[in-house]
1. Arrange Phe133, Phe126 by Cβ neighbour counts within 10 Å, fewest through most, would you?
2. Only Cα pairs within less than 10 Å get springs; with that Gaussian network setup on the chain, which residue of Arg71, Arg93, Arg63 has the largest fluctuation?
3. Only helical DSSP H runs with n ≥ 4 go in: add -39500 (n - 2.57) per run for the chain, normalise by residue count and round the 222 nm mean residue ellipticity to 500 deg cm²/dmol.
4. Return the single residue from Gly34, Gly79, Gly166 with maximal mean-square fluctuation; model: Gaussian network over the chain, springs between Cα atoms under 10 Å.
5. Looking at the chain, do any whole DSSP H helices span at least 15 angstrom along their long axis by alpha carbon and average 1.6 or above on Kyte-Doolittle, and which?
6. Distance from the Cα centre of segment 66-125 to that of segment 5-43, in angstrom?
7. Please give the charge dipole size of the chain, origin at the Cα centre, charges +1 on K and R Cβ atoms and -1 on D and E Cβ atoms. Round to the nearest 20 debye.
8. Cut-off under 24 Å on the C-alpha distance; same-chain residues fewer than 8 positions from Lys136 excluded. Which lysines are left, in chain and number order?
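All of the numbers you see were taken from the coordinates with simple rules; none came from a lab. Keep in mind that what you see is a predicted model, and the values were worked out from it rather than measured. Note: ideal-geometry Cβ built from the backbone for every residue, glycine included; neighbour counts use all protein chains shown.
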Amino acid sequence: MAKRHGPWTIHETTLRYEHELIEIYEDSVTRPDGSPGTYAVARIKSGVGVLAVDGDGTAYLAREFRYAVGRECVEVVGGAIEDGEELEGAARRELREELGIEAATLVALGHVYPVTSIIDSPSHLFLATGLTFVEKENEGSERIKTVRLPLEEAARMALAGEITHGTSCTLILRAQNHLKK
């Protein structure tokens, strides 16, 4: 049975690819102009992004080789939310695993959809404060280096295009704005 999807009509949806983190769907559609077509959507597990900032205004980021873009990137800590896991629990787990940081306080700063045209993958944003440093628990595929720098410098890097990860840029700027209030 056809269903309305904004100005589109979806007639049929077919799962084309499935992996533990991503599913690719192809829809048979009627476009807004009335013509028939197809539309592909990637659904990636929802995730969290976490920026740790200490009392002196030092931000803690991660430098890691990113397979998809073939280079090292500086980013906030982040990852997928596990089945049955609460948002705050996922944020605390990722922060501990990737940087060896525990936070007394997590402030939710909303969410972001990094690419809305063909990817459904919300990332929930958190500012972590009241930091305690513990042992890292990196996964086998992770080779993460901790990057410490003033939050003001991280914001400058985001605005200058030196930090290019969309979730990271958004979270850095939201955190800076939140802390100025």
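1. Neighbour counts put them in this order, fewest first: Phe133, Phe126.
2. Arg71
3. On the way: 3 runs with 38 residues, N = 181.
So the calculated ellipticity at 222 nm is -6500 deg cm²/dmol.
4. Looking only at Gly34, Gly79, Gly166, the biggest GNM fluctuation is shown by Gly34.
5. Details: long enough: 87-99 (18 Å, -0.99); 166-180 (21 Å, -0.07).
Length and hydropathy pass: none found.
6. 26 Å
7. Details: 20 positive and 29 negative charges, 132 e Å.
Once rounded to the nearest 20, the dipole reads 640 debye.
8. Within the straight-line limit of under 24 Å, Lys136 reaches these lysines: Lys45, Lys145.
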